[in-house]
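Q: Mind having a look at this structure? Questions to follow.
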Number of protein chains: 2
Amino acid sequence: MANLSKLAVNDGHGENSPYFDGWKAYDANPYHPINNPNGVIQMGLAENQLSYDLIEEWILKNPKASICTNEGISSFKDIAIFQDYHGLPEFRHAIAKFMGQVRGNRVTFDPNRIVMGGGATGASEMLMFCLADPGDAFLVPSPCYPAFDRDLRWRTRMQLIPVPCSSSNNFQLEKEALEEAYEKAQQANIKVKGLILANPSNPLGTLMDKDTLTTLVNFINEKNIHLVCDEIYSATVFRSPKFVSIAEVINDPNVVCNKDLIHILYSLSKDMGLPGFRVGILYSYNDLVVACARKMSSFGLVSSQTQHLLALMLSDEKFVARFLEENAKRLAKRHKLFTEGLEEVGISCLRSNAGLFVWMDLRGLLREPTLEGEMKIWRIIIHDVKLNVSPGSSFHCSEPGWFRVCFANMDDHTMEVALQRIRSLVDQKKESSVKSEIPVVKDNKKSQKSLHLSFTARRFNENVIMSPRVMSPHSPLPHSPTVGAST
Amino acid sequence: MANLSKLAVNDGHGENSPYFDGWKAYDANPYHPINNPNGVIQMGLAENQLSYDLIEEWILKNPKASICTNEGISSFKDIAIFQDYHGLPEFRHAIAKFMGQVRGNRVTFDPNRIVMGGGATGASEMLMFCLADPGDAFLVPSPCYPAFDRDLRWRTRMQLIPVPCSSSNNFQLEKEALEEAYEKAQQANIKVKGLILANPSNPLGTLMDKDTLTTLVNFINEKNIHLVCDEIYSATVFRSPKFVSIAEVINDPNVVCNKDLIHILYSLSKDMGLPGFRVGILYSYNDLVVACARKMSSFGLVSSQTQHLLALMLSDEKFVARFLEENAKRLAKRHKLFTEGLEEVGISCLRSNAGLFVWMDLRGLLREPTLEGEMKIWRIIIHDVKLNVSPGSSFHCSEPGWFRVCFANMDDHTMEVALQRIRSLVDQKKESSVKSEIPVVKDNKKSQKSLHLSFTARRFNENVIMSPRVMSPHSPLPHSPTVGAST
């Protein structure tokens with residue numbers, strides 16, 4: 001037996017968590033309109049497939065931007081050998097400009113603070129290596145991005161402390177909860193190094209307003225800890241209110257803040273729909289962090305072929321303006337179609353105006369307001385309704401019954417089929433509303449006929465005692481469901 | 001003052017080592033045949049610029065391989081969203097096939113064992129995360145690749161123990177030295193997890209023969225520790241003897257070995273001359289390592305745009321065969337030109353048949369056979385002769401007076417200028433052969449005229465006591481000189 005590291009032997013990555021079942025079910029039987037119309041529809045992947053035509057159109061109009069065309073081949077050699085960890089200057093400039101444009105040009109970004117990472121995954125790990133020693137902790141409002149466990153914690157050996165948010169105030173982060181989590185960590189002798197949050201939120205699709213952000217800046221400034229803002233969904237805001245970046249907040253002369261504590265994570269995977277290109281960005285206001293992270297860039301530089309293409313594309317201001325406008329319109333339309341379809345059958349979602357997903361409220365379908373109850377209904381949705389959605393527990397949500405459902409990674413037809421399936425589920429549910437048993441589903445083929453869900457309107461009790469695994473501010477977050485893809 | 005991690009505050013990366021001076025000198029005053037003919041010539045970068053025309057020709061003939069051409073744009077969406085950490089199946093197949101072809105098809109590689117990393121840098125760190133816990137050690141024959149410090153040790157917190165090789169047997173690794181380093185580590189209570197070596201060697205440009213490799217396999221098998229073979233220069237072998245991969249050795253039925261202990265690092269940066277594309281590969285015979293490293297891939301996936309292009313290029317067997325043959329011919333020609341030019345003025349190099357560099361012997365120019373003596377002559381070469389070459393000490397060489405000089409990252413004209421400069425150095429040296437003082441060089445412009453080097457044939461004494469910093473098997477390797485680029 002070869003002697004491996006603890007990282008390799010322990011399961012810190014979390015691929016073997018039960019949530020992987022949903023991905024397995026999809027992989028084993030993926031939906032296809034003609035070849036496999038009864039397959040599983042993938043609604044667990046936060047991908048933006050609505051605006052590729054705009055990018056393709058630009059590419060065909062700008063053959064020089066590629067090093068593999070007659071027009072661009074003369075740059076091939078210079079680009080193929082380029083491996084400076086600062087990145088192509090024109091790439092850094094284009095990214096900085098794009099980040100400004102996405103934020104309505106209300107704020108500018110310095111190209112010299114743009115640090116490349118291997119996707120948001122690589123960029124965020126890099127930042128944790130710069131900020132936290134093994135054992136140090138970051139507070140994270142929950143529900144939160146499941147792969148934070150892998151990205152931030154796994155190899156750095158730092159830890160994450162959830163700050164639970166609840167549906168009672170639409171999952172907004174409360175100062176009291178933050179203070180409490182911080183105090184408890186202090187008491188347990190854990191060094192809290194910062195607070196990390198995603199704005200727009202994944203999985204909620206909601207924004208933090210300026211007042212909340214200002215409160216958070218005051219909090220971290222007072223404690224002298226870091227604030228990491230993951231803004232990778234900033235261009236997915238499809239209706240008002242406008243997105244407010246942390247960059248705008250700290251630029252406000254009324255906000256007092258040590259800028260050395262502020263760091264932004266960015267990416268083109270969601271905002272441009274280019275996850276395969278692995279463009280992760282760290283933008284830090286701290287010179288030492290910029291310098292150290294730049295050295296760490298070597299582990300996940302963006303392919304120079306891709307840097308070159310994007311440098312030209314993102315510095316085309318007119319194209320970017322059109323893309324951002326049209327993409328927001330398409331997301332708004334799709335969001336409306338999906339949420340209205342759900343409302344027709346009595347399913348509501350948390351009100352949101354960003355992201356590639358909705359936060360769907362199925363608390364009414366739970367037989368009991370527990371993690372087990374959530375997992376039961378989730379398995380039915382996957383195996384019988386055949387939709388791969390993500391249960392709230394995988395986002396470390398402290399209330400059972402919420403599900404993240406992605407709506408932008410498919411075409412209109414597939415969306416319609418998905419809605420149809422949800423309608424059938426609710427119809428079956430109504431038919432069986434007199435029953436109070438949810439049958440244990442074992443055989444998929446049989447169970448599709450015998451699917452009967454409880455319609456007892458058993459609303460979630462906000463004061464229910466949750467599993468300490470999820471709630472405790474002192475235990476690290478449980479395993480992540482995401483594996484192959486960052487979602 | 002913001003509270004950062006120890007990694008960020010300490011200088012484990014090594015960018016601030018004195019070796020950085022050479023890069024700074026080049027960056028401040030880069031040679032250009034017309035614009036800056038007196039600038040510094042970069043001979044510190046192991047880049048292969050001799051065969052780009054072949055790749056460009058292929059690209060223009062195969063526009064479908066790019067997703068940015070009229071012929072290839074229909075694949076744009078599918079490629080741009082692809083982020084599976086297994087990689088595009090066609091990419092893994094092409095890489096496996098290419099690795100076989102480079103090794104004369106004497107051995108085959110399983111595409112399912114191909115794991116992507118962000119360049120060799122990312123791939124090798126990934127492997128260390130899988131094999132070593134903080135504090136664990138790997139033995140490394142020295143001279144060795146300087147950036148092993150950064151790639152293997154920095155963020156994983158493992159340590160490297162040099163196994164000194166000497167010019168007395170042409171820097172071949174000796175079993176006794178290996179055993180001694182291993183025993184000393186054991187005595188110091190350091191857990192030795194394995195042995196890592198580069199074959200072909202960087203900086204030596206030499207190959208390990210099958211007997212040596214077999215001895216090493218026996219050694220690691222007996223100790224039950226890992227063997228990591230960095231084979232990133234395998235296609236730079238430009239004359240006989242043939243390259244023998246560790247894959248061939250362990251396939252030999254006469255060699256008894258637990259294959260779970262064997263791992264190969266690979267890359268397209270040197271063999272194809274594509275460092276900007278950041279293609280690092282880990283090929284492990286250990287299923288657990290493959291599984292764990294694949295999860296770690298997420299931190300440094302190869303851009304899907306690049307995967308797609310290379311999948312098509314490397315599966316074109318005829319093109320690859322032609323490229324490998326022609327590239328080897330061009331390297332051989334360049335190597336011959338350079339080494340013969342050096343021999344004409346009495347400078348010899350270690351006999352080698354691979355790599356993009358030679359290991360130049362300037363021991364005769366050293367006033368004293370010490371690290372200080374080496375650094376003195378090196379500063380003269382950089383600031384007066386204006387060639388950025390790399391001193392042996394930066395490769396953790398235990399004998400002063402050796403220098404790595406890269407010869408494939410420039411055109412014929414620049415090579416000729418570099419040779420001319422070396423000739424002048426030696427001529428000046430001859431003129432001043434009666435003098436025994438090396439003047440301290442302070443003003444570059446003045447010093448070019450007053451350059452007088454000692455010609456006393458003070459040969460290096462192999463038994464000289466080296467700095468314990470370099471020799472001690474218990475201290476981690478000193479800082480790396482490489483920074484922006486992996487060389």
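The values are calculated or read from the model by the stated rules, or taken from the named source; none is laboratory data. Please read these numbers as outputs of a predicted model, since none were measured by experiment. Counting neighbours? That spans all protein chains shown, and the Cβs are built from the backbone with ideal geometry, glycine included.
Q: In the list A:Gly276, A:Gly205, which residue meets the criterion of being more than 21 Å from A:Arg113 (Cα to Cα), outside any strand (DSSP E or B) and within 14 Å of chain B (Cβ to nearest Cβ)?
A: A:Gly276
Q: Another question, then. Within segment A:389-431, which residues are within 27 Å of A:Lys329 (Cβ to Cβ), touching a Pro at 6+ places or on another chain (Cβ under 9 Å) and surrounded by 24 or more Cβ atoms within 10 Å (Cβ to Cβ)?
A: Residues satisfying the conditions are A:Ser390, A:Phe403, A:Arg404.
Q: Restricting to segment B:292-342, and then to whatever is within 14 Å of chain A (Cβ to nearest Cβ) and of a type in the set (Gly, Ala, Ser), can you tell me which residue is farthest from A:Ser303 (Cα to Cα)?
A: B:Ala293
Q: Here's a follow-up. Among the numbered criteria (1) within 19 Å of B:Ser267 (Cβ to Cβ); (2) touching a Cys at 6+ places or on another chain (Cβ under 9 Å), which one does B:Leu131 miss?
A: The failed condition is (2).
Q: Picking from B:Pro33, B:Pro37, which residue would you name as being of a type outside the set (S, T, N, Q), at pLDDT 90 or above and loosely packed, with under 11 Cβ neighbours inside 10 Å? Walk me through it before giving the result.
A: Values: B:Pro33 fails: loosely packed, with under 11 Cβ neighbours inside 10 Å.
Just one listed residue meets the conditions, B:Pro37.
Q: For segment A:183-199, how many residues are assigned to a helix (DSSP H, G or I) and either under 17 Å from A:Ala120 (Cβ atoms) or without any contact (Cβ under 8 Å) to a residue 40 or more places away in the chain (or both)?
A: Matching residues across segment A:183-199 total 3.
Q: Same structure again: Looking only at segment B:352-367, decide whether some residue is among the polar types (S, T, N, Q), over 15 Å from B:Arg92 (Cα atoms) and facing another protein chain (nearest Cβ under 10 Å).
A: No; the residues of segment B:352-367 include none that is among the polar types (S, T, N, Q), over 15 Å from B:Arg92 (Cα atoms) and facing another protein chain (nearest Cβ under 10 Å).
Every residue, every condition in (1) of a type in the set (S, T, N, Q); (2) more than 23 Å from the chain's Cα centre (by Cα), yes or no:
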| residue | (1), (2) |
| --- | --- |
| A:Lys295 | no, yes |
| A:Ser298 | yes, yes |
| A:Val302 | no, no |
| A:Lys318 | no, yes |
| A:Arg322 | no, yes |
| A:Lys336 | no, no |
| A:Gly341 | no, yes |
| A:Val345 | no, yes |
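Q: If B:Ser398 satisfies every condition in (1) within 24 Å of B:Gln172 (Cβ to Cβ); (2) part of a helix (DSSP H, G or I); (3) small (Gly, Ala, Ser) but one, which is the exception?
A: (2)
Q: Within segment B:153-174, restricting attention to residues that are under 19 Å from B:Ile220 (Cα atoms) and not in a loop (DSSP other than H, G, I, E, B), which residue is farthest from the other protein chains (Cβ to nearest Cβ)? Before you say what the answer is, go through the steps one by one.
A: We begin by selecting, within segment B:153-174, every residue under 19 Å from B:Ile220 (Cα atoms); these are B:158-165, B:172-174.
Remaining after also requiring not in a loop (DSSP other than H, G, I, E, B): B:159-164.
On the way: B:Gln159: 14, B:Leu160: 16, B:Ile161: 17, B:Pro162: 22, B:Val163: 20, B:Pro164: 26 Å.
It comes out as B:Pro164.
Condition check ((1) surrounded by fewer than 19 Cβ atoms within 10 Å (Cβ to Cβ); (2) outside any strand (DSSP E or B)) across all residues:
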residue	(1), (2)
A:Arg322	yes, yes
A:Asn327	no, yes
A:Arg330	yes, yes
A:Phe338	no, yes
A:Asn353	no, yes
A:Trp359	no, no
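Q: Pick from segment A:40-64 the residues that are more than 23 Å from A:Ile422 (Cβ to Cβ) and within 8 Å of chain B (Cβ to nearest Cβ): which of them is surrounded by the most Cβ atoms within 10 Å (Cβ to Cβ)?
A: Within segment A:40-64, the match that is surrounded by the most Cβ atoms within 10 Å (Cβ to Cβ) is A:Ile59.
Q: Taking A:Lys193, is it among the basic types (Lys, Arg), over 21 Å from the mean Cα position of the chain (by Cα), buried (at least 17 other Cβ atoms within 10 Å of the Cβ) and under 15 Å from A:Ile225 (Cβ atoms)? Explain how you work it out, then say what you get.
A: Working: among the basic types (Lys, Arg): yes; over 21 Å from the mean Cα position of the chain (by Cα): yes; buried (at least 17 other Cβ atoms within 10 Å of the Cβ): yes; under 15 Å from A:Ile225 (Cβ atoms): yes.
Judged against the criteria, A:Lys193 is a match.
Q: Now a separate question. Here is a list of conditions, (1) more than 19 Å from the chain's Cα centre (by Cα); (2) farther than 30 Å from B:Ser297 by Cβ; (3) touching a residue at least 60 places away in the same chain (Cβ under 8 Å); (4) crowded, with 18+ Cβ neighbours inside 10 Å, and B:Val163 meets all of them except one; can you say which number that is?
A: (1)
Q: Check whether at least one residue in segment B:368-383 is surrounded by 24 or more Cβ atoms within 10 Å (Cβ to Cβ), of a type outside the set (Ser, Thr, Tyr) and free of Cβ contacts under 8 Å to residues at least 40 places away in the same chain, and report yes or no.
A: Taking every residue of segment B:368-383 in turn, at least one turns out to be surrounded by 24 or more Cβ atoms within 10 Å (Cβ to Cβ), of a type outside the set (Ser, Thr, Tyr) and free of Cβ contacts under 8 Å to residues at least 40 places away in the same chain.
Q: Please specify each residue of segment A:245-265 satisfying the condition of being within 11 Å of another protein chain (Cβ to nearest Cβ) and not polar (S, T, N, Q).
A: Matches in segment A:245-265: A:Lys259, A:Asp260, A:Leu261, A:Ile262, A:His263.
Q: So which of A:Leu268, A:Leu282 is under 19 Å from A:His93 (Cα atoms), within 11 Å of chain B (Cβ to nearest Cβ) and out of contact with any His (no Cβ under 6 Å at 6 or more places or on another chain)?
A: It is A:Leu268.
Q: Now a separate question. Being assigned to a helix (DSSP H, G or I) and without any contact (Cβ under 8 Å) to a residue 60 or more places away in the chain is the filter here, so list the residues in segment B:65-95 that pass it.
A: Correct list: B:Ile73, B:Ser74, B:Phe76, B:Lys77, B:Asp78, B:Pro89, B:Arg92.
Q: (1) closer than 28 Å to A:Gly280 by Cα; (2) part of a helix (DSSP H, G or I); (3) touching an Asp or Glu at 6+ places or on another chain (Cβ under 7 Å): which one isn't true of A:Arg150, the others all being true?
A: So the condition that A:Arg150 fails would be (3).
Q: Sort out which residues of segment B:124-146 are surrounded by 24 or more Cβ atoms within 10 Å (Cβ to Cβ), facing another protein chain (nearest Cβ under 9 Å) and in a loop (DSSP other than H, G, I, E, B), and write them in order of number.
A: If the condition is that a residue be surrounded by 24 or more Cβ atoms within 10 Å (Cβ to Cβ), facing another protein chain (nearest Cβ under 9 Å) and in a loop (DSSP other than H, G, I, E, B), then B:Ala132 is the only one that fits.
Q: Another one. State the number of residues belonging to segment B:1-30 that are more than 14 Å from chain A (Cβ to nearest Cβ) and either in a loop (DSSP other than H, G, I, E, B) or surrounded by 16 or more Cβ atoms within 10 Å (Cβ to Cβ) (or both).
A: Matching residues across segment B:1-30 total 6.
Q: Additional query: What's the total number of residues in segment B:73-105 that are surrounded by fewer than 18 Cβ atoms within 10 Å (Cβ to Cβ), more than 11 Å from chain A (Cβ to nearest Cβ), farther than 30 Å from B:Lys210 by Cβ and of a type outside the set (Asp, Glu)?
A: 1
Q: Related question: Name the residue that is farthest from the other protein chains (Cβ to nearest Cβ), counting only residues in segment B:106-123 that are within 29 Å of A:Leu268 (Cβ to Cβ) and of a type in the set (A, V, I, L, M, F, W, C).
A: Ranking the candidates gives B:Ile114 first.
Q: Quick one: is A:Ile67 among the aliphatic types (A, V, I, L, M) and surrounded by fewer than 17 Cβ atoms within 10 Å (Cβ to Cβ)? Talk me through it step by step, then tell me what you get.
A: Working: among the aliphatic types (A, V, I, L, M): yes; surrounded by fewer than 17 Cβ atoms within 10 Å (Cβ to Cβ): no.
Answer is no for this residue.
Q: Within segment A:234-263, can you find the residues that are part of a helix (DSSP H, G or I), more than 18 Å from A:Asn327 (Cβ to Cβ) and polar (S, T, N, Q)? Reasoning before the result, please.
A: Step one: filter segment A:234-263 for residues part of a helix (DSSP H, G or I), giving A:234-236, A:246-251, A:259-261.
Next, from what is left, pick out any that are more than 18 Å from A:Asn327 (Cβ to Cβ): A:246-251, A:259-261.
A:Asn251, the sole residue that qualifies.
Q: Further question: For segment A:208-233, enumerate the residues that are β-branched (Val, Ile, Thr), closer than 17 Å to A:Val163 by Cα and in a helix (DSSP H, G or I).
A: Passing the criteria: A:Thr212, A:Thr215, A:Val217, A:Ile220.
Residues are listed down the side, and each one gets a yes or a no for (1) among the small types (Gly, Ala, Ser); (2) over 21 Å from the mean Cα position of the chain (by Cα); (3) over 29 Å from B:Ala147 (Cα atoms); (4) modelled with pLDDT under 95:
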| position | (1), (2), (3), (4) |
| --- | --- |
| B:Ser51 | yes, no, no, no |
| B:Asn62 | no, yes, yes, no |
| B:Ile73 | no, yes, yes, no |
| B:Gln83 | no, yes, no, yes |
| B:Phe98 | no, no, no, no |
| B:Phe109 | no, yes, no, no |
| B:Gly119 | yes, no, no, no |
